[in-house]
């Protein structure tokens with residue numbers, strides 16, 4: 001299920017890149033494909049999630065058009081795909097239907113972008 005996402009953030013080797021992309025969800029498959037310009041800036045075309053646990057955040061004090069985030073993490077690199085507040089239920093349903101275990105974190109402003117937590121345990125802010 002492709003989901004078009006507004007500007008998101010990706011950290012790779014301590015570099016923050018913002019841009020757009022598509023989140024692709026299918027049974028056992030979660031990939032964030034970066035847009036052309038964002039892909040060139042980040043140095044990667046996209047990232048396939050490793051494992052079946054997926055972190056989803058809803059940031060209460062972030063603009064509503066990008067306050068829902070999903071963390072795509074392969075253990076070395078993490079990308080954050082964001083969507084609007086009304087996309088939360090659809091995103092969680094799609095992930096669960098695809099066989100992922102969703103760990104939902106309502107936060108005030110944190111969106112899952114802390115570099116020190118790439119590939120580590122529950123990323124809270």
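Of the numbered conditions (1) surrounded by fewer than 17 Cβ atoms within 10 Å (Cβ to Cβ); (2) under 22 Å from residue 26 (Cα atoms); (3) at pLDDT below 90, residue 52 fails exactly one; give the number of that condition. If we test residue 52 against (1) surrounded by fewer than 17 Cβ atoms within 10 Å (Cβ to Cβ); (2) under 22 Å from residue 26 (Cα atoms); (3) at pLDDT below 90, just (3) comes out false.
Criterion first (closer than 15 Å to residue 112 by Cα and surrounded by fewer than 19 Cβ atoms within 10 Å (Cβ to Cβ)) does residue 75 satisfy it?
Yes: the conditions hold for residue 75.
If the condition is being in a strand (DSSP E or B), within 11 Å of the chain's Cα centre (by Cα) and over 9 Å from residue 84 (Cα atoms), then the stretch 49-69 contributes 54, 55, 56, 57.
Evaluate the stretch 70-83: report whether one residue or more is assigned to a loop (DSSP other than H, G, I, E, B) and modelled with pLDDT of 90 or more. Please lay out each step first, then the result.
Taking the stretch 70-83 and keeping what is assigned to a loop (DSSP other than H, G, I, E, B), we get 74-77.
Next cut, modelled with pLDDT of 90 or more only: none.
No, because not a single residue in the stretch 70-83 is assigned to a loop (DSSP other than H, G, I, E, B) and modelled with pLDDT of 90 or more.
Considered as a group, the residues in the stretch 90-125 that are farther than 18 Å from residue 28 by Cβ and in a helix (DSSP H, G or I) include one that is modelled with the lowest pLDDT, and that residue is 116. Looking across the stretch 28-49 at every residue that is touching a helix residue (DSSP H, G or I) at 6+ places or on another chain (Cβ under 8 Å) and touching a residue at least 24 places away in the same chain (Cβ under 8 Å), the one that is surrounded by the fewest Cβ atoms within 10 Å (Cβ to Cβ) is identified as 46.
May I ask you to verify whether residue 87 is surrounded by 12 or more Cβ atoms within 10 Å (Cβ to Cβ), modelled with pLDDT of 90 or more and more than 17 Å from residue 27 (Cβ to Cβ)? Give the steps one after another, and end with the answer.
Details: surrounded by 12 or more Cβ atoms within 10 Å (Cβ to Cβ): yes; modelled with pLDDT of 90 or more: yes; more than 17 Å from residue 27 (Cβ to Cβ): yes.
Considered against the rule, which asks whether it is surrounded by 12 or more Cβ atoms within 10 Å (Cβ to Cβ), modelled with pLDDT of 90 or more and more than 17 Å from residue 27 (Cβ to Cβ), residue 87 comes out as yes.
The values are calculated or read from the model by the stated rules, or taken from the named source; none is laboratory data. Remember, it's a predicted structure, so these values are computed and weren't measured experimentally. Every residue, glycine among them, receives a Cβ derived from its backbone with ideal geometry; neighbour counts consider all protein chains shown.
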